[in-house]
Amino acid sequence: MVACKVRGNTLVNFQRALPPFAGQFSARLNSNVTCYDPASGSGTLLMALAHAIGEAHCSIWSQDISQKSSSLLRLNLVLNKLVHSIPNITQGNTILHPVHKDGKALKQFDYIVSNPPFKMDFSDFRDDLDNDVNKRRFFAGIPKVPKKKMEGMAIYLLFIQHIIASLKPGGKAAVVVPTGFIAAVSGIELRIRKKLVDERMIAGVVSMPSNIFATTGTNVSILFIDRTAHDSVVLIDASALGEKVKDGKNQKTLLSPTEERRIVDTFNARKQVEDFSAVVDCETIVAKNYSLSAGQYFGVKVAYEDISTKEYAARMEAYQSNIAGMFENSRALEAEILKSIRGLRYAD
């Protein structure tokens with residue numbers, strides 16, 4: 001039994017993908033597999049991962065800024081035969097004061113799953129992060145405080161970097177991010193992707209349909225990080241899937257079980273499917289400015305049609321006639337605009 005409340009359809013889909021995610025990466029069932037979420041909420045993703053691995057074979061570790069969420073997660077551990085992990089559940093600011101450590105270094109984990117907050121005003125402690133202690137953890141940089149809309153500060157970029165630093169060699173992570181992250185042309189986003197690709201840590205990306213969350217229009221993707229070397233990356237564009245339904249005043253997109261299975265099977269098989277998935281080597285990704293957007297790697301379709309010389313000439317004549325008409329309309333419109341401008345008068 002899982003007591004926690006699911007925050008939006010993306011988490012449902014994400015949970016259903018976790019069993020093959022865990023199975024694909026061969027959980028070490030004879031050892032204590034450590035599972036971590038640095039922004040755990042009530043633990044929905046951690047519970048799903050524990051079920052996939054087997055509650056007797058794993059321990060749960062978490063930190064969340066909300067005391068209420070941490071209390072709900074402890075209840076979930078009781079209900080899901082994970083009582084042994086209760087001491088590992090902590091409340092606090094993961095970015096400013098990460099609790100789980102081995103000595104002075106961050107503790108590293110076998111599996112990490114997370115749906116971190118995307119944007120938040122952290123201007124009150126931003127400068128406290130910019131120190132020598134955090135240079136290795138926040139290797140790509142810390143977002144600056146904007147003059148306006150401080151609530152739009154991209155805190156998820158800090159969580160991604162924290163997750164990378166918290167992952168064991170050979171460890172695996174699945175992280176929900178705004179889709180804009182996967183193709184941003186500069187800044188912290190690009191520097192994070194560069195590390196993931198250059199160090200062969202990115203196993204794949206799945207771009208989800210819009211409105212997968214009922215409460216926000218932000219498009220999301222799931223990063224699959226794997227700290228075993230990957231010379232190629234599976235990029236899936238699932239944005240066209242799903243059925244749009246009304247959820248109160250909001251609209252959300254629901255994936256059918258068949259669509260979910262299609263995504264999972266394509267990812268696990270590392271299969272290239274026309275207009276759906278691409279399997280791309282890292283050198284090609286580097287040449288595309290480290291873009292992890294599947295659409296940039298789909299082949300360009302060229303349609304061929306057999307026509308006679310006479311048909312070709314007729315079509316070309318029609319095209320020229322249409323273009324000439326457009327040019328003529330454009331000139332008439334330009335003349336009309338100039339006439340209107342000349343007629344303007346300054347009023348005292």
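The values are calculated or read from the model by the stated rules, or taken from the named source; none is laboratory data. What you see is a predicted model, and the numbers here were worked out from it, not measured in a lab. Cβ atoms come from the backbone with ideal geometry, glycine included; neighbour counts cover every protein chain shown. The protein model used for the area step is the full one, side chains on, heavy atoms only, and it has no ligands, DNA or RNA in it. Shrake-Rupley method; radii C 1.70, N 1.55, O 1.52, S 1.80 Å.
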Tell me, yes or no, whether region 106-124 has at least one residue that is in a helix (DSSP H, G or I), over 30 Å from L75 (Cβ atoms) and at pLDDT 95 or above.
-> no
Test: T258 is open to solvent by less than 40 Å² (accessible area, probe 1.4 Å), farther than 17 Å from A174 by Cβ and polar (S, T, N, Q) = no
Those residues of region 187-212 which are part of a loop (DSSP other than H, G, I, E, B) and at pLDDT 95 or above amount to E199, R200, M201
Checked pairs for region 326-345, first open to solvent by 100 Å² or more (accessible area, probe 1.4 Å), second among the basic types (K, R), C-beta under 9 Å and 6 or more apart or across chains, list as none
Among the residues of region 174-181, is any of a type in the set (S, T, N, Q), more than 17 Å from the chain's Cα centre (by Cα) and either open to solvent by 20 Å² or more (accessible area, probe 1.4 Å) or under 30 Å from V264 (Cα atoms) (or both)?
-> no
Of the residues K5, K81, which is open to solvent by 60 Å² or more (accessible area, probe 1.4 Å) and at pLDDT 55 or above?
-> K81
Could we say that F122 is within 22 Å of I164 (Cβ to Cβ), open to solvent by less than 20 Å² (accessible area, probe 1.4 Å) and out of contact with any Leu (no Cβ under 7 Å at 6 or more places or on another chain) here?
-> yes
Total residues in region 211-238, condition more than 30 Å from F109 (Cα to Cα), buried (at least 18 other Cβ atoms within 10 Å of the Cβ) and free of Cβ contacts under 8 Å to residues at least 60 places away in the same chain = 1
